[in-house]
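Structure record follows, encoded as structure tokens.
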Amino acid sequence: MKALILISAVIAFLAGCSTVKNAREKQAEAKNLSSDNGGRAEKVNVDLSGCAVRALVEFALTNRPVMVSSRLEVENARLALKRIKSSAPLASDSPWTSPTLGFSASQDARNSDQDFSDAFRTEKGDFSSALSLDILLWDFGRYSASAAAAKERIISAEMELVKAGHEVFREVVDAYFATLEADALYEVALTNEAECALHLDRAIRRVEEGEAKELDVLKARLDLSIARESVCAASNNVATAAAGLIRSLGLEAAMTSRDKILPRKSSALYEMNRVFAETDASAETLFMYARTNAPAMRVSRAELRAAISAVDAEIANLYPEISASASLSWVDPVWTFRWGASFVQSLFQGMRKTTAVDEAVVAMRKAEANTIAAEHALALEISLQCAARDNAREANKRARQSLKEAKENLALSRSRYEIGEADRVDFSEAVSAYSDALGACVSAYYASQRAEAAFFPLTGNYPVYDEGSVPTEGN
């Protein structure tokens, strides 16, 4: 029997050495990537009218359920660390959290009878009590590794909170620009309707004067009907965008209304809101900064460091525990005091512990691959966003020039139509071109603002606001 135990111990020791060696090799490779250099609002009378975008974002950050959930995740991670510290050994940074103190007391009593008679006899037992103290002296690094992993999970949860905040910022800003764009496009539709109505009046007058045919009136009526349908569609888009803005703030329709958040401006078409200044940083510059500062990368690296510490914790599970205990017991009338130390080492558990080390190594390598993949995804996203920014900026310039030309063409077509030098087709095309150019100018400008806003979540920078107004050139 002793020989069997000795053989089992040797096999377990050799298997453990092989597992530890493999784990250390993979751990050394992973350390190269582990460095990080880099309540709901009340449901009544919520009035945010007159608030700047910064204030709307700050309101959403305190009101969105996703932010509450992220904060609770941080708290949960901190509680997990606290639970780990409760089992810290005496030789650790929390030496007085692990002792276990217990107390027990008992009093026995027994009822008995003889020959099923009615006379019962009660015999009282002895009173006893005990006070015990158990202290973990040393665990060969198990606690320190588990605590290190828990601390990294706290960092990960905190970075997830920052990431959630950036996502809320992005949603609020996108909804804000979508609402402003919908307002402006609604004004474009109204302008187009007014031009078509004016064209119909002129066509009727010219028919009465014998300068045009009845077909011109019919075509003008058709153009006006189409314009009115566009007004209806644009109005629906305004309502949809406003609902999205309310939702992005963590509110419901019953809590507030669009007029209490972002009242419509009469100058929505002629004056566009600027929230962010233009930037010119290259994709390479942004990526070199973002790879050490972006919340997504910091979460990924924190998870990798936690996985590395988890390998240490599983390796420490291969080693024994050294603990001490003391107890004081009393069984009337005798007092007994006992003390001692224990050394506990499991020799063989069906390779469960070494398999746990292998699983931790696999999890670490997966976290390592996720870190590399996160860098690749970040580089691609920044490159695409830089291209979107440059394209939107160029489209904005071209749209402004096209709007200027379309307005001049409309004025010329109107004057020529008045004197009969242009037919209804030319005038209708001029009206349509002007409306399209006006809408394209508005959409291109707000697309450029969305592109600028997208860089803050990608790089992890705090949003820099530069709020003001920009006139729609050509009006």
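Could you give every pair whose Cβ atoms fall below 7 Å, whose first residue belongs to segment 264-287 and is of a type in the set (Lys, Arg), and whose second residue is surrounded by fewer than 17 Cβ atoms within 10 Å (Cβ to Cβ), counting only separations of at least 6 or pairs across chains?
Every condition considered, the pairs that remain are 274/466; 274/467; 274/468; 274/469; 274/470.
Quick one: in segment 460-475, of everything that is part of a loop (DSSP other than H, G, I, E, B) and touching a strand residue (DSSP E or B) at 6+ places or on another chain (Cβ under 7 Å), which residue is modelled with the lowest pLDDT?
Among those residues, the one meeting the criterion is 472.
Could you say which residue among 170, 205 is surrounded by fewer than 21 Cβ atoms within 10 Å (Cβ to Cβ) and modelled with pLDDT of 90 or more?
On the way: 205 fails: modelled with pLDDT of 90 or more.
Only one candidate passes the filter, namely 170.
Test of understanding: among 292, 285, 279, which residue is in a loop (DSSP other than H, G, I, E, B) and over 30 Å from residue 192 (Cβ atoms)?
On the way: 292 fails: in a loop (DSSP other than H, G, I, E, B); 285 fails: in a loop (DSSP other than H, G, I, E, B).
Going through 292, 285, 279 in turn, just one is in a loop (DSSP other than H, G, I, E, B) and over 30 Å from residue 192 (Cβ atoms): 279.
Out of segment 420-440, which residues are at pLDDT 85 or above and either outside any helix (DSSP H, G or I) or in contact with a strand residue (DSSP E or B) (Cβ under 9 Å, 6 or more places away or on another chain) (or both)?
none
The values are calculated or read from the model by the stated rules, or taken from the named source; none is laboratory data. In this text the structure is predicted, and so the values were computed from the model without any measurement. With ideal geometry, Cβ positions are generated from the backbone for all residues, glycine too; neighbour counts draw on all protein chains shown.
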